[in-house]
Amino acid sequence: DVHYGLAEAKAIERAATLDAARARFPERFSTNKAPQILSIPKTAWINKPAPKPIENEGLGLAA
């Protein structure tokens, strides 16, 4: 969903679903506060690529 730009809309749907569940079955929730959706990440990775090494990193100048 994050990859396709659908995460914000899904978060709104999930919040509505949680609100409905809390109204219907309040005994299933352990707190009096309304459930909250965690923040939406800017990117999502399955296998994040390793950072590319900087060219000539760690090389000293010859005297």
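The values are calculated or read from the model by the stated rules, or taken from the named source; none is laboratory data. It should be emphasised that the depicted structure is a prediction, and the values quoted were computed from it without experimental measurement. Here the Cβ positions follow ideal geometry from the backbone for every residue, glycine too, while neighbour counts run over all protein chains shown. Note: accessible area is taken over every heavy atom of the protein model, side chains too, but ligands, DNA and RNA are not part of it. Shrake-Rupley method; radii C 1.70, N 1.55, O 1.52, S 1.80 Å.
What the table shows:
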{"item": "Residue list for the range 22-46, restricted to those being without any contact (Cβ under 8 Å) to a residue 12 or more places away in the chain and part of a helix (DSSP H, G or I)", "result": "23, 24, 26, 27, 28"}
{"item": "Count - residues of the range 1-31 that are more than 19 Å from residue 42 (Cα to Cα), of a type in the set (Asp, Glu) and open to solvent by 100 Å² or more (accessible area, probe 1.4 Å)", "result": "1"}
{"item": "Residue 38 vs. criteria open to solvent by 100 Å² or more (accessible area, probe 1.4 Å) and either at pLDDT 75 or above or within 14 Å of the chain's Cα centre (by Cα) (or both)", "result": "yes"}
